[in-house]
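*Asks:* Can you keep this structure in mind? I'll have questions shortly.
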Amino acid sequence: MPPILEVTNLTKRFGGVTAVNRVSLSLDAGRIYGLIGPNGSGKTTLFNCITGLVRRDAGEVRFKRRRIDGLKPHQVFHHGIGRTFQVIRVFPELTALENLMVVTTGDHARACRRAGELLRFVKIESLAGEYAGNLSYGQQKLLEFIRVLMTDPELILLDEPAAGVNRTLLNELLDAVRALRDRGKTILLVEHDMKVVMGLCETVFVLDHGEKLAEGPPGVIQSDERVIEAYFGR
Amino acid sequence: MRRLGLAALAALAVVALALYPLEGTGYGVRVMLQLFMWIALAQSWNLISGLTGYVSFGHVAFYGMGAYSTAIVIVRLGWPWLPAALLGGAMAMVLALVIGWPCLRLKGPYFAIAMLGLNEVLRVAASYFEGLTGGGLGLSLPTLHASVPIYYAMGLTAAGVTLLTYVILTSRFGLRLMTIREDEVAAEAMGIDTHRYKLYAFLLSAVAPGIVGGLSARDQGYIEPISVFPLLMTITMIVMVLFGGKGTIWGPVLGAVLLFTFQELVWARFIYLHQLLFGAIIVTVVLLMPRGILGVLQQKYNLPRTI
Ligand SMILES: Nc1ncnc2c1ncn2[C@@H]1O[C@H](COP(=O)(O)OP(=O)(O)O)[C@@H](O)[C@H]1O
Ligand SMILES: [Mg+2]
């Protein structure tokens, strides 16, 4: 099987800062990948380049063999790549249910059923009619997470899904991510908590100053000299 | 039960308005006709700016476009007024397409300024192309007493945009428009082609101003560049919507009715006081009640935006 996502020599500069520097990585379908690195190492920018929110300066992104770099974000989404944001981006003056419905097209009744299922799945079905802006931080985080599941994308990019989420909620979220993997979805997630990464990911990519520093199973990565130095040294 | 009561009330209002010209004075009919015009204008501005958050600071350009298109085909080609006014609506949509395609790529404030510029350009163009528009001297339409049919046409246009707003606000199409206002980046990332949706909203928001521009031109019998492209008219639309409640169905109607009534009562008597009060209303609304009357109620009692 060819990789589902293939990033080759991706580079993005902001003025003098090279936020992503010749990064290459490849993801196989049906697995959970971690993306770690200190703050400012380019993780979010890498997500933005893949999803078309910022235009890469050089390099290629292929999804299921098709070039997707240069496409608009909504086009990338319709190829089957969904994402969440590090800073919550629900639509505050739409209700929780509307936040889910708005991303769907086609059969209205079916979309409604799916939205109901997902709201129950993360146990916020009683808040369906509430404006998203009135939900708690954790509830908004869950809402954003299930919003990306509405259209059943094949690759899901999660930018710090666990940040600011309490223990119970976190475990549910992690279970949900595993359940998605078991259904054949591919997940790439940014996470700082090494315990979470260890328990979830099969392969981890490490970014530092925009460059890929290391790649491998979390156990090996954790004891990698360069990784330890990037995180704790200097 | 409450819904039924409201429906009955609405039906009663429609019947009363439909019968009004039989009883009302000529002056009364023309006042009502202007109220309908303001409802249609405010409601249209709400479609683009209330829903997508893209503030159109030159929306009167579509009104002027409709007025000139209508007047020109009536004067030069002898068209009857109704098809002429419909052509005015179509021409306004064409203008919206030509302007919206590039300008809706601009971010919020730049779009607002571009629209302001558009209105100025059109006003100058209307003065410049004398052969077609009569230039600064304006264009006189042949005499015709048609206030009553125009009253109905205006009323239908106002009702039509309100119905359109209802249909949009209760559909996923409307939700997509609102995601642009809420968070354009997230909307794009969630698969919404924001440029296309902004353009749809813009086209829909141009048609009624084009039609009512044509109908007013016919009703007034004379147009000139400064009378159909006044900045004050755009500002009035904006204030009506902000006052009543943007992004709701009845907010623009309520705002139009209240402010228009206020203008009719105060304007004739105290022309300077009127401008002062109008300015005071703008400042008060923006500072104290940015959501407008219905917006506040909607938020406070968690009402649907179909109010
Ligand atoms: N839109 C932007 N404009 C300018 N600089 C940016 C922008 N986005 C990110 N950067 C810079 O790129 C670098 C990487 O940032 P980011 O991708 O957010 O890192 P991370 O997500 O790993 O914390 C930082 O130096 C940041 O300041
Ligand atoms: Mg980040």
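Values in this text are rule-based calculations from the coordinates and carry no lab data. Here the structure is a predicted model, which is why all the values come from computation and not from measurement. Every residue, glycine among them, receives a Cβ derived from its backbone with ideal geometry; neighbour counts consider all protein chains shown.
*Asks:* Name the long-range amide H neighbours of residue A:13: under 5 Å, sequence gap of 5 or more, or other chain; modelled H, no Pro or chain starts.
*Replies:* HN-HN under 5 Å from residue A:13: A:19, A:57.
*Asks:* While we're looking at this one, here's another question. Report ³J(HN,Hα) in whole Hz for each residue of segment B:182-188, in order, from the Karplus equation J = 6.51 cos²θ - 1.76 cosθ + 1.60 where θ = phi - 60°; Gly and Pro get x.
*Replies:* After applying 6.51 cos²θ - 1.76 cosθ + 1.60, I find 6, 5, 5, 5, 5, 4, 4 Hz.
*Asks:* Which FRET efficiency value, to the nearest 0.05, do you get for residue B:277 and residue B:23 by plugging their Cβ-Cβ distance into 1/(1 + (r/R0)^6) with R0 = 30 Å?
*Replies:* Approximately 0.45, to the nearest 0.05.
*Asks:* When only Cα pairs under 8 Å and 6 or more residues apart are kept, what is the percent relative contact order across segment B:222-268?
*Replies:* 24
*Asks:* In nm², what is the average projected area of the convex hull enclosing the Cα atoms of segment B:30-144?
*Replies:* 7.8
*Asks:* Using 0.36 nm per residue, how much length does the chain from residue A:39 to residue A:192 gain when fully extended, once their Cα-Cα distance is taken away?
*Replies:* Fully extending the segment from residue A:39 to residue A:192 adds 54.1 nm.
*Asks:* Here is a further query. Rounded to the nearest 0.05, what FRET efficiency do residue B:156 and residue A:152 give with R0 = 45 Å and r taken as the Cβ-Cβ distance? Could you check?
*Replies:* Efficiency computed from Cβ-Cβ geometry: 0.55.
*Asks:* Would you mind working out the magnitude of the charge dipole of segment B:104-217 relative to its Cα centre, with +1 at each Lys and Arg C-beta and -1 at each Asp and Glu C-beta, to the nearest 20 Debye?
*Replies:* The calculated dipole for segment B:104-217 is roughly 140 debye.
*Asks:* Each label point is 7 Å from the Cα along the Cα-to-Cβ direction; what then is the distance between the points at residue B:77 and residue A:136, in nm?
*Replies:* With each label placed 7 Å out from Cα toward Cβ, I get 6.5 nm.
*Asks:* Over the Cα atoms, compute the radius of gyration (one decimal) and Dmax (the largest Cα-Cα distance, rounded to a whole number) for segment B:210-307, in Å.
*Replies:* That works out to 15.3, 47 Å for Rg and Dmax.
*Asks:* Continuing with this model, one more query. Report the residues of segment A:22-41 in range of a label on residue A:211: point 7 Å along Cα→C-beta, backbone N strictly under 12 Å from it.
*Replies:* A:22-23
*Asks:* Dipole size in debye (nearest 20) for the protein assembly as shown around its Cα centre, Lys and Arg Cβ +1, Asp and Glu Cβ -1? Please report the intermediate quantities before stating the final value.
*Replies:* Values: 49 positive and 39 negative charges, 85 e Å.
Magnitude of the dipole: close to 400 debye.
*Asks:* Mind telling me which of B:135, B:100, B:214 comes out most flexible in a GNM of chain B, alpha-carbon contacts under 10 Å?
*Replies:* In the Gaussian network model the winner is B:135.
*Asks:* A further question follows. Just how many % of Cα pairs in segment B:25-230 lie over 33 Å apart, if you round to the nearest whole percent?
*Replies:* That fraction is 15 percent.
*Asks:* Just name one of A:2, B:213, B:296: the one whose Cα is farthest towards the positive end of the charge dipole of the protein assembly as shown (beta-carbon charges, Lys/Arg +1, Asp/Glu -1).
*Replies:* B:213
*Asks:* In addition: Quick one: divide the alpha-carbon radius of gyration of segment B:88-154 by 2.2 N^0.38 Å and tell me what you get. Before the final figure, lay out each step's value.
*Replies:* Values: Rg = 16.1 Å, N = 67, 2.2 N^0.38 = 10.9 Å.
In units of the globular-protein estimate, segment B:88-154 measures up at 1.48.
*Asks:* I need the calculated FRET efficiency for the pair residue B:110 and residue B:296, taking r as the beta carbon distance and R₀ as 35 Å, to the nearest 0.05.
*Replies:* 0.70
*Asks:* In nm, what is the difference between 0.36 nm times the number of residues separating residue A:182 and residue A:17 and their Cα-Cα distance?
*Replies:* 55.5 nm is the gain from fully extending residue A:182 to residue A:17.
*Asks:* Turning to a different aspect of this structure: Could you give the Stokes-Einstein D for segment B:102-203 in µm² per second, using the C-alpha Kirkwood radius, 10 °C, 1.306 mPa s?
*Replies:* For these conditions, the coefficient is 92 µm²/s.
*Asks:* Got a sec? Which residues in segment B:37-68 would a label at residue B:172 touch, if it sits 7 Å along Cα→Cβ and we count backbone N under 20 Å?
*Replies:* B:52
*Asks:* Something else: Can you work out ³J(HN,Hα) from phi for every residue in segment B:32-48, in order, using Karplus 6.51 cos²θ - 1.76 cosθ + 1.60 and θ = phi - 60°, giving whole Hz and x for Gly and Pro?
*Replies:* 4, 4, 6, 4, 4, 4, 5, 4, 4, 5, 5, 4, 5, 4, 4, 4, 8
*Asks:* Please state the relative contact order of chain B as a whole percent: Cα pairs under 8 Å, 6+ residues apart?
*Replies:* Relative contact order for chain B comes out at 30 percent.
*Asks:* For chain A, return all DSSP H helices satisfying: extent of Cα atoms along own axis at least 15 Å; mean Kyte-Doolittle hydropathy at least -1.0.
*Replies:* A:108-121, A:137-149, A:167-182
*Asks:* Quote the relative contact order of segment A:163-225 in percent (integer), defining contacts as alpha-carbon pairs under 8 Å separated by 6+ residues.
*Replies:* Averaging sequence separation for qualifying contacts and normalising by length gives 20 percent for segment A:163-225.
*Asks:* I would also like to ask the following. Regarding segment B:1-59, what whole-number volume in Å³ per residue does the convex hull of its Cα atoms give?
*Replies:* It comes to 91 Å³ per residue, whole-number rounded.
*Asks:* Let me ask you something else. Residue by residue through A:69-75, how many Cβ atoms from other chains fall within 10 Å of the Cβ on average? List each step's numbers first, then the result.
*Replies:* Details: counts 0, 0, 0, 4, 10, 11, 3.
That works out to 4 on average.
*Asks:* Using modelled amide H (1.01 Å from N, peptide plane; none on Pro or chain starts), what sits under 5 Å from the amide H of residue B:141, excluding residues fewer than 5 places away?
*Replies:* B:222, B:223
*Asks:* Now for a separate question. Please build a GNM for chain A, connecting alpha carbons under 10 Å apart, and tell me which residue among A:85, A:14, A:47 fluctuates the most.
*Replies:* Among A:85, A:14, A:47, the largest mean-square fluctuation in the Gaussian network model of chain A belongs to A:14.
*Asks:* How charged is the neighbourhood of residue A:181? Take every other residue with its Cβ under 10 Å from the Cβ of residue A:181, and add Lys/Arg as +1 and Asp/Glu as -1.
*Replies:* +2
*Asks:* How much length would be gained if the chain were fully extended between residue A:75 and residue A:109, taking 0.36 nm per residue of separation minus their Cα-Cα distance, in nm to one decimal?
*Replies:* 9.8 nm
*Asks:* If the convex hull of the alpha-carbon atoms of segment A:5-232 is projected onto planes in all directions, what is the mean projected area in square nanometres?
*Replies:* Projected over every direction and averaged, the Cα hull of segment A:5-232 covers 12.5 nm².
*Asks:* Residue A:213's amide H: which non-local residues (gap 5+, or another chain) put their own amide H closer than 5 Å, with H modeled 1.01 Å from N in plane and none for Pro or chain starts?
*Replies:* Hits under the 5 Å cutoff: A:206, A:207, A:208.
*Asks:* Per the Kirkwood treatment, what hydrodynamic radius in Å, one decimal, follows for segment A:32-147 from the mean inverse distance over all distinct Cα pairs?
*Replies:* One decimal place: 15.9 Å for the Kirkwood radius.
*Asks:* Equivalent-ellipsoid semi-axes (√(5λ), Cα gyration tensor) for the protein assembly as shown, whole Å, largest first?
*Replies:* 54, 26, 19
*Asks:* Please list, in order along segment B:114-119, the HN-Hα scalar couplings obtained from phi with the Karplus expression 6.51 cos²θ - 1.76 cosθ + 1.60 (θ = phi - 60°), rounded to whole Hz, x for Gly and Pro.
*Replies:* Taking θ as phi minus 60°, the curve returns 4, 5, 4, x, 4, 4 Hz for segment B:114-119.
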